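Right, one structure below, let's go through it.
The values are calculated or read from the model by the stated rules, or taken from the named source; none is laboratory data. None of these values were measured; they are calculated from a predicted model. Neighbour counts run over all protein chains shown; Cβ positions are idealised from the backbone, glycine included. The accessibility values were calculated without ligands, DNA or RNA, using every heavy atom of the protein model including side chains. Shrake-Rupley method; radii C 1.70, N 1.55, O 1.52, S 1.80 Å.
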Amino acid sequence: MIDVPGTSLMPAWLMGLAYLIFMGWLFMGIAISADIFMEAIEVITAKTSFIDVFDPESNQMVKVEVNVWNPTMANLTLMAFGSSAPEIILSVIEALKDLGKPAGDLGPSTIVGSAAFNLLVISGVSIYAVGPDVKKIDDVGVFFTTSVFSVFAYIWMYLCLQVYTPERVTIAEANWTFGYFFILLVLAFSADKINQKKKKKLNEAEAELNKMIQLKKSQLRTLARVKGEAAILAAAQGNK
């Protein structure tokens with residue numbers, strides 16, 4: 001786009017500076033568009049609705065605000081697509097540009113590089129940014145599922161490109177690759193629901209324990225009051 005007549009006569013340092021500025025301008029444009037795209041996704045995933053839930057304490061129905069989108073599904077679909085949109089677009093452009101020709105290195109490099117960067121660099125920086133406190137995984141099932149599929153993605157790519165059909169990707173392999181994503185969604189959603197049920201049972205058990213503790217405290221207060229009154233009466237009769 002900037003290879004206009006006469007640019008080849010410019011000094012090398014000036015050409016390098018011009019290309020560097022132009023690349024910076026392109027990166028800023030991608031960053032702005034990606035930021036707007038992510039904001040739109042955040043608005044979608046932050047949508048909530050009110051549902052009627054029975055409250056055992058008040059014995060009546062109350063309205064509770066809940067998320068429309070399941071957080072796990074939102075992270076694996078919309079948020080993942082939004083963060084990976086630039087490299088997906090680059091891969092699609094290269095694939096359409098080189099139809100009928102050997103595939104270039106841009107598509108695989110952007111996808112694999114982005115996945116490795118997200119898995120290693122972003123995870124490490126996010127954990128380091130929180131501070132020196134111990135980090136605990138809230139949902140081990142979802143974490144295990146996504147971790148296994150992250151490793152499996154690299155193994156599957158190696159099998160497709162080096163073992164099954166070397167140096168080429170068939171339609172069947174593409175369909176299997178696309179289908180594995182939906183398997184990931186189903187397994188991650190199931191793991192998330194199991195974790196929610198476990199949390200609900202723990203919360204109910206904790207609430208029941210608190211009720212028992214409060215009841216025991218009330219009984220102890222009543223017993224202490226009765227014992228105290230009996231002791232006072234006994235002392236009064238003794239004085240008589």
* Structure fact -> A chain fully extended from Glu42 to Asn59 at 0.36 nm per residue, minus the present Cα-Cα distance, gains in nm 2.5 nm
* When we measure straight from the Cα of Lys197, which lysines land under 24 angstrom away, once same-chain ones fewer than 8 places off are left out? -> Lys47, Lys63, Lys135, Lys136, Lys211
* Asked: Once you put a point 7 Å from the Cα of Val151 and another 7 Å from the Cα of Trp25, both along the Cβ direction, what distance in nm separates them?
  -> 4.7 nm
* To do: Could you provide, to the nearest whole Å², the per residue accessible area of the chain with probe 1.4 Å?
  => 78 Å²
* Given the options Trp69, Trp25, Trp13, state which has the largest fluctuation in a GNM of the chain using a 10 Å cut-off (strictly under) for Cα springs. => Trp13
* Once you've got the GNM for the chain with C-alpha springs shorter than 10 Å, pick whichever of Asn118, Asn59, Asn70 has the biggest mean-square fluctuation. => Asn59
* Using only Cα atoms, what is the ratio of the radius of gyration of the stretch 1-121 to 2.2 N^0.38 Å? -> 1.71
* Looking at the chain, do any whole DSSP H helices span at least 20 angstrom along their long axis by alpha carbon and average 0.5 or above on Kyte-Doolittle, and which? -> 12-45, 140-158
* Structure fact -> Counting only protein heavy atoms with a 1.4 Å probe and every protein chain in place, the carbon and sulfur fraction of the accessible surface of the chain in whole percent equals 70 percent
* At what distance in nm do the modelled label points of Val169 and Leu185 sit from each other, each positioned 7 Å from its Cα along Cα→Cβ? -> 1.9 nm
* **Gyration tensor over alpha-carbon atoms, the chain, equivalent ellipsoid semi-axes in Å** => 62, 24, 18
* Structure fact -> The distance between the Cα centres of the stretch 8-61 and the stretch 85-116, in whole Å, is 21 Å
* To do: Report the one residue of Ser123, Val64, Phe182 whose Cα lies farthest in the direction of the positive end of the charge dipole of the chain (charges on C-beta: Lys and Arg +1, Asp and Glu -1; origin at the Cα centre).
  => Val64
* To the nearest 20 debye, what charge dipole does the stretch 1-148 have about its Cα centre, counting +1 at the Cβ of each Lys and Arg and -1 at the Cβ of each Asp and Glu? -> 380 debye
